[in-house]
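No value in this document is a laboratory result; all are computed from the given coordinates. Owing to the predicted nature of the structure, the values given are computational and were not obtained by experimental measurement. Don't worry about glycine lacking a Cβ; one is built from the backbone with ideal geometry, like all the others, and counts go over all protein chains shown.
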Amino acid sequence: MEGRMQGKAPLSDSNRRIMDADAPPRRVYQAWKGSNIFFLGGRLIFGPDVRSLLLTVCLIVIPVILFAAVISGQLAHEYHNQIGGWVASVAIIFTAYIIVLLLLTSGRDPGIIPRNAHPPEPEDVGESSNLSEWPGGQHGSTGLPLTKDVLVNGVLVKVKYCHTCMLYRPPRCSHCSICNNCVERFDHHCPWVGQCIGKRNYRFFFMFVSSTTLLCVYVFAFCWVDLRIIMDTHRCKLGRAIMKSPVSGILILYTFIAVWFVGGLTSFHLYLISTNQTTYENFRYRYDRKTNPHNRGLVQNFIEILCSRIPSSRNNFRAKVKEDSATFTSSLGMGRAISPPKMSVDLEMGMKRQTVAMEELEDLHSQIGSAMGLERCGTEPPHIVGRKGCSEIATDIEAFAEEFGLEQRFTERKKIEQRTSHNP
């Protein structure tokens, strides 16, 4: 077979794409259209700003290391090893717990809604669509209305069409411009964790923020205890005690600033949970009790957000991408497109056998002959740039026939057509 192929012209780019089906099948995370970054073969998904996660880890771990190494040692010395080890152990275990919450927040699917391959059909939109927001009541480029109405707990809510994901976003869903995904119950994109905060990781995010607040208070309190012991032992004032234990002074200042940030964030999200709002909704819509259709009361809101079952991901990032057919288009001199021969490629089983029916090759060749005529390829206008000539297309088809062992039947077919053209 190699000897027969050496005398022929190489396959064109469009035909080579069909041959690429021999390559190992790609997985979903490898063909992902969002801006996410994957690790461990698609098992972990992060946002494009995942590097900020390292900064967050350092801001948590380094102060705790100083606290466990210096402050707990001083407390052990002052209390004769009674509480020093206990104080350090609690801080280290609590920090490990916070890091786990951080990874659960940033390394999992936040609730990404899979995008459609094609826009929905206009008849599938339904009568609830609303054209009022389009200028003149016209449709967009897709022929679909910008919004449609959905009933949520007896309240009519408008949902928008996402042109990027080609779908109508469910209620409380929004498209994150950073990750380039539609996220269910979108709260915000947090640069400190490098991930969107949505329906599937909001609980872990809240636990992370509130736990970090408690850790700051813990370190802050025991640093003050250390300074107080120094002041009582040496009978000195606060400034003198800080000079004797500068690490305590630094950690007190650091945790005081940090607790305003994470503590304020914890208080804000407690308010959001109690009213069943998201950060996006709070800044965008300014719900009150009468207009928020999701507010179910204080207790039910906390149960829904913090105690309900987390839904499974809608995406299987490790699944193999299924391609039922390879598309290839050849343009003739008149700009006419030809349908490609179908291929049966079993990517899921890893089979590399490609079945191309001879009838489909003959049909493809007949389309070329009827459009231009194989004997008239030399008359193609030279000013058409970037389009293939018929001779090149015919050469590609011959190469396909040889590749799949159909050269003899293809040659016979070509000779019959040539005799017919010379003897009308």
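Quick rundown of the values:
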quantity	calculated
Placed amide H near H189: partners under 5 Å, 5+ positions off or other chain	I197
Length added when fully stretched, W86-V321, from 0.36 nm per residue minus Cα-Cα	79.4 nm
The stretch 222-228 - phi-based ³J(HN,Hα) in whole Hz, Karplus 6.51/-1.76/1.60, Gly and Pro as x	6, 5, 5, 4, 4, 5, 5
Sites R314 and L59 - FRET efficiency at Förster radius 35 Å, r taken between beta-carbons, to 0.05	0.60
Tail fraction, Cα-Cα pairs, the stretch 170-262, threshold 18 Å, whole percent	59 percent
Peptides ranked, highest mean first, by Cβ atoms within 10 Å: ranges 192-201, 104-113, 206-215	192-201, 104-113, 206-215
Long-range amide H partners of N181 with built H, under 5 Å	C176
